[in-house]
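The values are calculated or read from the model by the stated rules, or taken from the named source; none is laboratory data. Quantities reported herein were computed from a predicted structural model and do not represent experimental measurements. For neighbour counting, all protein chains shown are included, and Cβ atoms are generated from backbone atoms with ideal geometry for every residue, glycine included. All accessible areas refer to the heavy atoms of the entire protein, side chains included, with ligands and DNA or RNA removed. Shrake-Rupley method; radii C 1.70, N 1.55, O 1.52, S 1.80 Å.
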Amino acid sequence: MAASMRLLVRRAIRLTHRNINVTTAGASGQTGCCCFSDAAGDRSTHFGFETVPETEKAKRVYKVFENVAQKYDVMNDAMSLGVHRLWKDMLLHVMHPQPGVRLLDVAGGTGDIAFRFLEYVRSQQERQRRRATRSMQTPSWQDISDNYSNENGEESKESRAVVCDINKEMLKVGKQKADSMGMGTGLSWVVGDAEELPFDDNQFDIYSIAFGIRNVTHIEQALQEALRVLKPGGRFMCLEFSKVTNPVLARLYDAYSFQMIPVLGEVIAGDWKSYQYLVESIRKFPDQEEFKGMIEDAGFYCVQYYNLTGGVVALHSGFKL
(Lines give C-alpha, C1' and ligand atoms only; values in the text may rest on other atoms or scores of the structure.)
Protein backbone atom coordinates (compact mmCIF):
# COMPACT_ATOMS: atom_id res chain seq x y z
CA MET A 1 0.00 0.00 0.00
CA ALA A 2 2.82 2.41 0.91
CA ALA A 3 4.57 1.71 -2.39
CA SER A 4 1.33 2.31 -4.30
CA MET A 5 0.75 5.67 -2.58
CA ARG A 6 4.33 6.77 -3.27
CA LEU A 7 3.90 5.75 -6.91
CA LEU A 8 0.77 7.90 -7.24
CA VAL A 9 2.50 10.87 -5.62
CA ARG A 10 5.54 10.56 -7.90
CA ARG A 11 3.30 10.31 -10.95
CA ALA A 12 1.42 13.48 -9.95
CA ILE A 13 4.71 15.33 -9.38
CA ARG A 14 6.06 14.22 -12.77
CA LEU A 15 2.93 15.33 -14.61
CA THR A 16 3.02 18.71 -12.86
CA HIS A 17 6.72 19.10 -13.66
CA ARG A 18 6.13 18.28 -17.34
CA ASN A 19 3.29 20.78 -17.62
CA ILE A 20 5.49 23.48 -16.08
CA ASN A 21 8.30 22.67 -18.55
CA VAL A 22 5.95 22.86 -21.51
CA THR A 23 4.51 26.20 -20.35
CA THR A 24 8.00 27.61 -19.80
CA ALA A 25 9.18 26.47 -23.24
CA GLY A 26 6.13 28.02 -24.86
CA ALA A 27 6.59 31.33 -23.06
CA SER A 28 10.25 31.65 -24.00
CA GLY A 29 9.69 30.66 -27.61
CA GLN A 30 12.51 28.11 -27.49
CA THR A 31 12.51 25.09 -29.75
CA GLY A 32 14.48 21.88 -29.69
CA CYS A 33 14.57 18.35 -31.04
CA CYS A 34 11.27 17.56 -29.36
CA CYS A 35 8.06 19.25 -30.44
CA PHE A 36 5.98 21.02 -27.79
CA SER A 37 2.44 22.27 -27.71
CA ASP A 38 -0.17 23.00 -25.06
CA ALA A 39 -0.49 19.25 -24.43
CA ALA A 40 2.39 17.21 -23.05
CA GLY A 41 1.29 14.28 -25.20
CA ASP A 42 2.35 16.16 -28.37
CA ARG A 43 6.07 15.82 -27.59
CA SER A 44 7.88 13.47 -29.95
CA THR A 45 10.60 10.86 -29.61
CA HIS A 46 12.09 8.08 -31.74
CA PHE A 47 10.76 4.60 -32.34
CA GLY A 48 13.67 3.12 -34.22
CA PHE A 49 14.27 5.57 -37.06
CA GLU A 50 10.68 6.76 -36.98
CA THR A 51 9.55 9.88 -35.08
CA VAL A 52 6.43 9.28 -32.99
CA PRO A 53 4.59 11.03 -30.13
CA GLU A 54 6.01 10.11 -26.72
CA THR A 55 2.67 8.70 -25.65
CA GLU A 56 2.74 6.30 -28.60
CA LYS A 57 6.24 4.88 -28.16
CA ALA A 58 5.47 2.91 -24.99
CA LYS A 59 2.45 1.33 -26.67
CA ARG A 60 4.47 0.37 -29.73
CA VAL A 61 7.33 -1.08 -27.69
CA TYR A 62 4.82 -3.07 -25.64
CA LYS A 63 3.35 -4.48 -28.84
CA VAL A 64 6.79 -5.42 -30.17
CA PHE A 65 7.62 -7.55 -27.13
CA GLU A 66 4.11 -8.92 -26.87
CA ASN A 67 4.52 -10.19 -30.44
CA VAL A 68 7.97 -11.72 -29.96
CA ALA A 69 7.64 -13.06 -26.38
CA GLN A 70 7.17 -16.73 -27.31
CA LYS A 71 10.18 -16.73 -29.66
CA TYR A 72 12.29 -14.20 -27.77
CA ASP A 73 14.88 -16.63 -26.37
CA VAL A 74 15.16 -18.57 -29.63
CA MET A 75 15.69 -15.34 -31.55
CA ASN A 76 18.36 -14.18 -29.09
CA ASP A 77 20.33 -17.34 -29.84
CA ALA A 78 19.80 -16.98 -33.59
CA MET A 79 20.61 -13.25 -33.80
CA SER A 80 23.75 -13.39 -31.67
CA LEU A 81 24.81 -16.92 -32.65
CA GLY A 82 24.56 -17.74 -28.95
CA VAL A 83 27.02 -15.04 -27.87
CA HIS A 84 24.35 -13.29 -25.77
CA ARG A 85 24.81 -16.09 -23.23
CA LEU A 86 28.48 -15.12 -22.82
CA TRP A 87 27.55 -11.45 -22.42
CA LYS A 88 25.09 -12.30 -19.67
CA ASP A 89 27.62 -14.59 -17.99
CA MET A 90 30.07 -11.68 -18.01
CA LEU A 91 27.46 -9.47 -16.35
CA LEU A 92 27.20 -11.97 -13.48
CA HIS A 93 30.98 -12.34 -13.29
CA VAL A 94 31.42 -8.57 -12.86
CA MET A 95 28.41 -8.36 -10.54
CA HIS A 96 29.84 -11.16 -8.34
CA PRO A 97 26.81 -11.29 -6.01
CA GLN A 98 27.23 -12.76 -2.53
CA PRO A 99 24.68 -14.71 -0.49
CA GLY A 100 22.05 -12.47 1.07
CA VAL A 101 21.91 -9.75 -1.60
CA ARG A 102 18.65 -8.67 -3.21
CA LEU A 103 18.49 -8.13 -6.98
CA LEU A 104 16.01 -6.13 -9.02
CA ASP A 105 16.19 -7.12 -12.68
CA VAL A 106 14.24 -4.58 -14.74
CA ALA A 107 12.98 -5.44 -18.23
CA GLY A 108 14.00 -8.98 -17.35
CA GLY A 109 10.83 -10.68 -18.59
CA THR A 110 12.09 -14.13 -19.60
CA GLY A 111 14.33 -14.38 -16.54
CA ASP A 112 17.79 -14.96 -18.04
CA ILE A 113 19.60 -12.63 -15.62
CA ALA A 114 17.57 -13.66 -12.56
CA PHE A 115 18.22 -17.36 -13.20
CA ARG A 116 21.94 -16.74 -13.59
CA PHE A 117 21.94 -14.63 -10.43
CA LEU A 118 20.34 -17.34 -8.29
CA GLU A 119 22.62 -20.03 -9.72
CA TYR A 120 25.68 -17.87 -9.12
CA VAL A 121 24.72 -17.13 -5.50
CA ARG A 122 24.01 -20.78 -4.80
CA SER A 123 27.40 -21.75 -6.23
CA GLN A 124 28.97 -19.15 -3.93
CA GLN A 125 27.15 -20.64 -0.95
CA GLU A 126 28.34 -24.12 -1.85
CA ARG A 127 31.90 -22.88 -2.27
CA GLN A 128 31.77 -21.26 1.17
CA ARG A 129 30.47 -24.49 2.71
CA ARG A 130 33.28 -26.52 1.15
CA ARG A 131 35.85 -24.01 2.33
CA ALA A 132 34.44 -24.12 5.85
CA THR A 133 34.49 -27.92 5.82
CA ARG A 134 38.14 -28.04 4.76
CA SER A 135 39.12 -25.58 7.47
CA MET A 136 37.42 -27.69 10.16
CA GLN A 137 39.19 -31.03 9.87
CA THR A 138 39.94 -30.90 13.60
CA PRO A 139 37.49 -28.30 14.93
CA SER A 140 37.31 -27.01 18.46
CA TRP A 141 34.01 -26.77 20.34
CA GLN A 142 34.01 -23.06 19.54
CA ASP A 143 34.41 -23.78 15.83
CA ILE A 144 31.51 -26.24 15.93
CA SER A 145 29.35 -23.70 17.76
CA ASP A 146 30.23 -20.92 15.31
CA ASN A 147 29.55 -23.15 12.31
CA TYR A 148 26.16 -24.19 13.70
CA SER A 149 25.23 -20.55 14.20
CA ASN A 150 26.32 -19.67 10.67
CA GLU A 151 24.27 -22.50 9.16
CA ASN A 152 21.17 -21.37 11.06
CA GLY A 153 21.78 -17.82 9.91
CA GLU A 154 21.91 -18.77 6.23
CA GLU A 155 18.12 -18.83 5.97
CA SER A 156 17.94 -15.16 6.92
CA LYS A 157 20.66 -14.41 4.34
CA GLU A 158 18.75 -15.97 1.46
CA SER A 159 19.23 -14.04 -1.76
CA ARG A 160 16.18 -12.93 -3.71
CA ALA A 161 15.66 -11.83 -7.30
CA VAL A 162 12.72 -9.69 -8.37
CA VAL A 163 12.02 -9.65 -12.10
CA CYS A 164 10.18 -6.49 -13.11
CA ASP A 165 8.84 -6.02 -16.63
CA ILE A 166 6.11 -3.86 -18.11
CA ASN A 167 5.11 -6.62 -20.54
CA LYS A 168 2.86 -9.35 -19.13
CA GLU A 169 3.56 -11.72 -22.03
CA MET A 170 7.30 -11.61 -21.39
CA LEU A 171 6.73 -12.31 -17.69
CA LYS A 172 4.44 -15.18 -18.58
CA VAL A 173 7.22 -16.79 -20.62
CA GLY A 174 9.69 -16.20 -17.78
CA LYS A 175 7.41 -17.87 -15.23
CA GLN A 176 6.97 -20.86 -17.52
CA LYS A 177 10.74 -21.21 -17.81
CA ALA A 178 11.16 -20.94 -14.04
CA ASP A 179 8.60 -23.69 -13.47
CA SER A 180 10.24 -25.98 -16.01
CA MET A 181 13.66 -25.37 -14.42
CA GLY A 182 12.38 -25.77 -10.84
CA MET A 183 13.62 -22.29 -9.90
CA GLY A 184 10.68 -20.84 -8.00
CA THR A 185 12.52 -20.36 -4.69
CA GLY A 186 13.88 -16.86 -4.13
CA LEU A 187 12.26 -15.52 -7.29
CA SER A 188 9.29 -13.19 -7.80
CA TRP A 189 7.69 -11.55 -10.83
CA VAL A 190 6.28 -8.02 -10.87
CA VAL A 191 4.56 -6.03 -13.61
CA GLY A 192 6.10 -2.57 -13.53
CA ASP A 193 7.34 0.39 -15.57
CA ALA A 194 11.07 1.22 -15.45
CA GLU A 195 10.11 4.91 -15.27
CA GLU A 196 7.76 4.41 -12.28
CA LEU A 197 8.95 1.38 -10.33
CA PRO A 198 6.37 -0.01 -7.86
CA PHE A 199 8.88 -0.31 -5.01
CA ASP A 200 9.78 1.75 -1.94
CA ASP A 201 13.08 3.62 -1.66
CA ASN A 202 16.33 1.85 -0.71
CA GLN A 203 15.11 -1.71 -1.28
CA PHE A 204 17.71 -3.46 -3.44
CA ASP A 205 21.43 -4.20 -3.36
CA ILE A 206 21.76 -4.55 -7.13
CA TYR A 207 19.72 -3.15 -10.03
CA SER A 208 20.29 -4.80 -13.39
CA ILE A 209 18.79 -4.13 -16.80
CA ALA A 210 19.92 -6.13 -19.84
CA PHE A 211 19.02 -5.06 -23.37
CA GLY A 212 16.05 -3.09 -22.11
CA ILE A 213 16.95 0.49 -21.32
CA ARG A 214 17.12 1.57 -24.97
CA ASN A 215 13.39 0.80 -25.24
CA VAL A 216 12.50 3.22 -22.42
CA THR A 217 10.95 6.51 -23.52
CA HIS A 218 12.64 8.64 -20.82
CA ILE A 219 16.00 7.05 -20.05
CA GLU A 220 16.90 9.76 -17.53
CA GLN A 221 13.77 8.98 -15.52
CA ALA A 222 14.55 5.25 -15.53
CA LEU A 223 18.03 6.01 -14.19
CA GLN A 224 16.55 8.18 -11.43
CA GLU A 225 14.23 5.35 -10.47
CA ALA A 226 17.17 2.93 -10.37
CA LEU A 227 18.96 5.28 -7.98
CA ARG A 228 15.88 5.64 -5.80
CA VAL A 229 15.20 1.93 -5.24
CA LEU A 230 18.84 1.00 -4.59
CA LYS A 231 20.15 0.93 -1.04
CA PRO A 232 23.10 3.22 -0.21
CA GLY A 233 26.11 1.32 -1.54
CA GLY A 234 23.92 -0.47 -4.07
CA ARG A 235 25.10 -1.12 -7.61
CA PHE A 236 23.54 -0.23 -10.97
CA MET A 237 24.46 -2.54 -13.86
CA CYS A 238 23.32 -2.17 -17.46
CA LEU A 239 24.08 -4.51 -20.34
CA GLU A 240 23.16 -2.92 -23.65
CA PHE A 241 24.07 -2.78 -27.32
CA SER A 242 26.47 0.06 -28.00
CA LYS A 243 28.88 1.51 -30.56
CA VAL A 244 31.34 -0.84 -32.26
CA THR A 245 34.88 0.50 -31.89
CA ASN A 246 36.53 -1.29 -34.82
CA PRO A 247 35.62 0.24 -38.25
CA VAL A 248 35.86 -3.07 -40.12
CA LEU A 249 33.76 -4.89 -37.53
CA ALA A 250 31.30 -1.97 -37.56
CA ARG A 251 30.66 -2.37 -41.30
CA LEU A 252 30.20 -6.13 -40.99
CA TYR A 253 27.94 -5.66 -37.96
CA ASP A 254 25.75 -3.11 -39.77
CA ALA A 255 25.42 -5.34 -42.83
CA TYR A 256 24.49 -8.33 -40.68
CA SER A 257 22.06 -6.32 -38.52
CA PHE A 258 20.06 -4.71 -41.30
CA GLN A 259 20.19 -7.49 -43.87
CA MET A 260 19.97 -10.64 -41.75
CA ILE A 261 18.26 -9.95 -38.40
CA PRO A 262 14.87 -8.84 -39.84
CA VAL A 263 14.97 -11.89 -42.13
CA LEU A 264 15.60 -14.16 -39.14
CA GLY A 265 12.73 -12.43 -37.36
CA GLU A 266 10.41 -13.20 -40.25
CA VAL A 267 11.55 -16.82 -40.61
CA ILE A 268 11.67 -17.77 -36.92
CA ALA A 269 9.13 -15.47 -35.28
CA GLY A 270 7.02 -14.47 -38.28
CA ASP A 271 7.67 -10.80 -37.49
CA TRP A 272 9.91 -8.68 -39.72
CA LYS A 273 8.87 -5.27 -38.38
CA SER A 274 9.59 -5.96 -34.69
CA TYR A 275 13.16 -7.00 -35.44
CA GLN A 276 13.64 -4.11 -37.84
CA TYR A 277 12.73 -1.85 -34.90
CA LEU A 278 15.16 -3.65 -32.59
CA VAL A 279 18.02 -3.10 -35.07
CA GLU A 280 17.13 0.57 -35.51
CA SER A 281 16.73 1.17 -31.76
CA ILE A 282 20.32 0.05 -31.23
CA ARG A 283 21.57 2.79 -33.59
CA LYS A 284 19.55 5.44 -31.76
CA PHE A 285 20.95 4.55 -28.34
CA PRO A 286 23.76 6.74 -26.91
CA ASP A 287 27.34 5.51 -27.28
CA GLN A 288 29.43 4.31 -24.34
CA GLU A 289 30.73 7.70 -23.17
CA GLU A 290 27.43 9.51 -23.58
CA PHE A 291 25.55 6.87 -21.64
CA LYS A 292 28.22 6.92 -18.94
CA GLY A 293 27.61 10.67 -18.60
CA MET A 294 23.85 10.08 -18.29
CA ILE A 295 24.42 7.60 -15.46
CA GLU A 296 26.67 10.08 -13.66
CA ASP A 297 24.14 12.87 -14.15
CA ALA A 298 21.51 10.66 -12.50
CA GLY A 299 23.62 10.65 -9.33
CA PHE A 300 25.71 7.47 -9.57
CA TYR A 301 29.40 7.37 -8.64
CA CYS A 302 32.40 5.33 -9.79
CA VAL A 303 30.75 4.83 -13.18
CA GLN A 304 32.69 2.72 -15.64
CA TYR A 305 32.02 0.48 -18.61
CA TYR A 306 33.46 -2.58 -20.31
CA ASN A 307 33.26 -3.16 -24.06
CA LEU A 308 32.29 -6.68 -25.04
CA THR A 309 32.82 -8.13 -28.53
CA GLY A 310 34.50 -4.96 -29.78
CA GLY A 311 31.78 -2.66 -28.47
CA VAL A 312 28.83 -4.53 -29.94
CA VAL A 313 27.70 -4.60 -26.31
CA ALA A 314 28.79 -2.46 -23.34
CA LEU A 315 28.43 -3.24 -19.66
CA HIS A 316 27.99 -0.07 -17.57
CA SER A 317 28.29 -0.04 -13.79
CA GLY A 318 27.81 2.61 -11.11
CA PHE A 319 27.19 2.89 -7.37
CA LYS A 320 24.75 4.77 -5.15
CA LEU A 321 26.60 6.41 -2.27
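Hey, which of the strands (runs of 3 or more DSSP E) in the range 1-114, taking only ones fully inside, have at least 2 residues that are modelled with pLDDT of 80 or more? First the steps, then the outcome.
Details: elements: 44-47, 50-53, 102-106.
Here the list reads 44-47, 102-106.
Only one residue in ARG85, ARG102 is closer than 29 Å to GLN276 by Cβ and not small (Gly, Ala, Ser). Which one?
On the way: ARG102 fails: closer than 29 Å to GLN276 by Cβ.
From the options ARG85, ARG102, the qualifying one is ARG85.
Checking each residue in the range 176-188 for being without any contact (Cβ under 8 Å) to a residue 40 or more places away in the chain and either of a type in the set (Lys, Arg) or not in a loop (DSSP other than H, G, I, E, B) (or both) picks out GLN176, ASP179, SER180, SER188. Scanning the range 232-239 turns up one or more residues that are over 14 Å from the mean Cα position of the chain (by Cα) and open to solvent by 20 Å² or more (accessible area, probe 1.4 Å). Consider the range 115-148 and keep the residues that are modelled with pLDDT under 80 and of a type in the set (Val, Ile, Thr). The one that is nearest to the chain's Cα centre (by Cα) is THR133.
List the helices (runs of 4 or more DSSP H) that sit entirely inside the range 245-294 and contain at least 2 residues that are among the hydrophobic types (A, V, I, L, M, F, W, C) and surrounded by 15 or more Cβ atoms within 10 Å (Cβ to Cβ). Give the steps one after another, and end with the answer.
Working: elements: 247-259, 261-264, 272-284.
In the range 245-294, the matching helices (runs of 4 or more DSSP H) lie at 261-264, 272-284.
For (1) under 18 Å from PHE65 (Cβ atoms); (2) of a type outside the set (Asp, Glu), each residue gets a yes or a no:
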{"position": "ALA210", "(1), (2)": "yes, yes"}
{"position": "VAL263", "(1), (2)": "no, yes"}
{"position": "GLU266", "(1), (2)": "yes, no"}
{"position": "GLU280", "(1), (2)": "yes, no"}
{"position": "TYR301", "(1), (2)": "no, yes"}
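For the range 200-230, how many residues are assigned to a helix (DSSP H, G or I) and out of contact with any Phe, Trp or Tyr (no Cβ under 6 Å at 6 or more places or on another chain)? So that I can check it myself, show each step before the final result.
Taking the range 200-230 first, the residues assigned to a helix (DSSP H, G or I) are 213-215, 219-229.
Among the residues that remain, those that are also out of contact with any Phe, Trp or Tyr (no Cβ under 6 Å at 6 or more places or on another chain) are: 213, 215, 219-225, 227-228.
The number of residues fulfilling the criteria is 11.
Examine the range 273-291 for a residue that is on the phi > 0 side of the Ramachandran plot and free of Cβ contacts under 8 Å to residues at least 60 places away in the same chain, and state whether such a residue exists. No.
For the range 196-233, name all the residues that are among the aliphatic types (A, V, I, L, M) and farther than 15 Å from LYS57 by Cβ.
LEU197, ILE206, ILE209, ALA210, LEU223, ALA226, LEU227, VAL229, LEU230
Of all the numbered requirements in (1) touching a strand residue (DSSP E or B) at 6+ places or on another chain (Cβ under 6 Å); (2) more than 24 Å from MET75 (Cα to Cα), MET237 misses one, and that requirement is (2).
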